[in-house]
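Let me begin by presenting the structure, written as structure tokens, before commenting on it.
Please treat every number below as a calculation from the coordinates, not as lab data. Keep in mind that what you see is a predicted model, and the values were worked out from it rather than measured. All Cβ positions, glycine included, derive from the backbone under ideal geometry; neighbour counts span all protein chains shown.
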Amino acid sequence: MNSGSNHSQSKKKVLVLGGDGFCGWPTSLHLSNVGHEVIVVDNLSRRNIDNELEAESLTPIQPMGTRLKAWEEVSGKKIGFYNVDLAEEYEEFLNVLETEKPDTIVHFAEQRSAPYSMKSPKHKRYTVNNNLNATHNVLCAIVESGLDIHLVHLGTMGVYGYGTAGMKIPEGYLDVEVKTESGERVEQQILYPTNPGSVYHMTKTQDQLLFQYYNKNDGVRVTDLHQGIVWGTNTAETNMDERLINRFDYDGDYGTVLNRFLMQAAVGYPITVHGTGGQTRAFIHIQDTVRCIELAIDNAPGLEERVMIFNQMTETHRVNDLAKLVSEMASGEIAYVSNPRKEAPENDLHVKNDLFLSKGLNPTTLDTGLLQEVTEIAQKYAYRADYSKIPATSTWTKEQQPGIPEAK
Ligand code: NAD
């Protein structure tokens, strides 16, 4: 596994918003390990959602205090922590900025499940209020603090709606030619048009406009990372001590495809493919997520530079091909169930990812060894799984059927 560099270009003070989550926790550890001073800000809402859904991480994640103590014992490095709700506690967050004066903020702190965002009007409204207020509050507080802070945000490839009319999705901007009134042809670059597939994805498309506006109006320096679906669970740092273990979501709302397939195969549950499995998705291993964030911090845009948009993914795969791969590897059975999403049954996806490659990313691609490693983790903690939480029960419209395999 490519664990990335051992030290970063220059030591920075970094706030990791959402640093208790699936991507945020291993990122916090990695940034601390490569020499940055790291402070986590998180309201632990994801742990409350576990309580609401009665579906816990498959892996036994430890409380924040235990995590931070374990990291200090293992590495000799301290990570700070503030429990602040970014959507609701603006003054508290501003106070954190004025006290800590960070160089960089990494923003993971949003409700990130598409199925959860579609469960009910309450969940739709929560996702919109939480995600848009959190992002806007962060931008507004950066401006009010008067500090020159580089904001690195985690966006998603899903803003493009997984349909690209055959072209490669560029890194954020599209070259267009428009005809003026006098008939002259003028070239322009615009944000690549979005086509969100859920309320969650819709909030991510709106984040983009907030960044564009605050960059234009206040000169806030922003890097927006359009990330593919993250798979895997451990990184070099989370592997250093059992108490540092990362989350592993397997339930119908938060379990993402591939990790969900690997878990299902590991515990002998049918691998549930939604619809025909003809959907193509972009993927990235969690080890590369943390490395990409490190690279984004080291390569901050300059003053006056527009928002930098990177596609943070390393490969694309058709869902059905992944199901077959996992099924062959782990001798699991595939169950085709109705697709709870409203989307085309099949799509192609072509994505440019030249920017991270040019900055030194050495991609970890899907190899059987790594897939096996995830399966072994799932088998190790299979005793913690509640199989009744595996099916996707949240549907995009009232008429659709949940993705539950037929009982035998
Ligand atoms: P996660 O739910 O595991 O982590 C998000 C963290 O943010 C949680 O710890 C939660 O408690 C915190 N949070 C949420 N709202 C908050 C608020 N108002 N104030 C303070 N903290 C808050 O999610 P993740 O999988 O780690 O995803 C992180 C980011 O990466 C998300 O923005 C998501 O859109 C993006 N992303 C994730 C994936 C993936 O496959 N996991 C793929 C593409 C993009």
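Worth a mention:
- 3 or more residues out of contact with any Pro (no Cβ under 6 Å at 6 or more places or on another chain) and among the charged types (D, E, K, R): qualifying helices (runs of 4 or more DSSP H) within the range 257-337: 286-298, 319-330
- When restricted to residues that are under 15 Å from the mean Cα position of the chain (by Cα) and of a type in the set (D, E, K, R), the range 205-238 contains 2.
- Failed criterion for Arg291 (all others in (1) of a type in the set (Lys, Arg); (2) surrounded by fewer than 21 Cβ atoms within 10 Å (Cβ to Cβ); (3) touching a residue at least 60 places away in the same chain (Cβ under 8 Å) hold): (2)
- Residues located in the range 319-337, provided they are more than 30 Å from Glu294 (Cβ to Cβ) and surrounded by 14 or more Cβ atoms within 10 Å (Cβ to Cβ): Asn320, Ala323, Lys324, Ser327, Met329, Ala330, Gly332, Ile334, Ala335, Tyr336, Val337
- Subset of the range 143-189 (residues that are hydrophobic (A, V, I, L, M, F, W, C) and touching a helix residue (DSSP H, G or I) at 6+ places or on another chain (Cβ under 7 Å)): Val143, Leu147, Ile149, Leu151, Val152, Val159, Ile169
- Matching residues in the range 246-259 - criterion: being within 11 Å of the ligand (Cβ to nearest atom) and out of contact with any Ser or Thr (no Cβ under 6 Å at 6 or more places or on another chain): Asp249, Gly255, Thr256, Val257, Leu258, Asn259
A quick yes/no check of all residues on (1) without any contact (Cβ under 8 Å) to a residue 12 or more places away in the chain; (2) touching an Asp or Glu at 6+ places or on another chain (Cβ under 7 Å); (3) over 26 Å from Thr393 (Cβ atoms); (4) hydrophobic (A, V, I, L, M, F, W, C):
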| site | (1), (2), (3), (4) |
| --- | --- |
| Gln189 | no, yes, yes, no |
| Tyr192 | no, no, yes, no |
| Asn195 | no, no, no, no |
| Gln227 | no, no, no, no |
| Thr233 | no, no, no, no |
| Asn246 | no, no, no, no |
| Tyr250 | no, no, no, no |
| Leu258 | no, no, no, yes |
| Phe261 | no, no, no, yes |
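- All positions within the range 70-96 that are more than 30 Å from Arg125 (Cβ to Cβ) and either within 15 Å of the ligand (Cβ to nearest atom) or in contact with a helix residue (DSSP H, G or I) (Cβ under 8 Å, 6 or more places away or on another chain) (or both): Ala70, Trp71, Val74, Ser75, Lys77, Lys78, Ile79, Gly80
- The listed residue being in a loop (DSSP other than H, G, I, E, B) and under 21 Å from the mean Cα position of the chain (by Cα), out of Thr397, Thr364: Thr364
- Residue ID - farthest from Phe211 (Cα to Cα), chosen from residues in the range 97-111 that are away from the ligand (no atom under 11 Å from the Cβ) and either within 20 Å of the chain's Cα centre (by Cα) or not charged (D, E, K, R) (or both): Thr99
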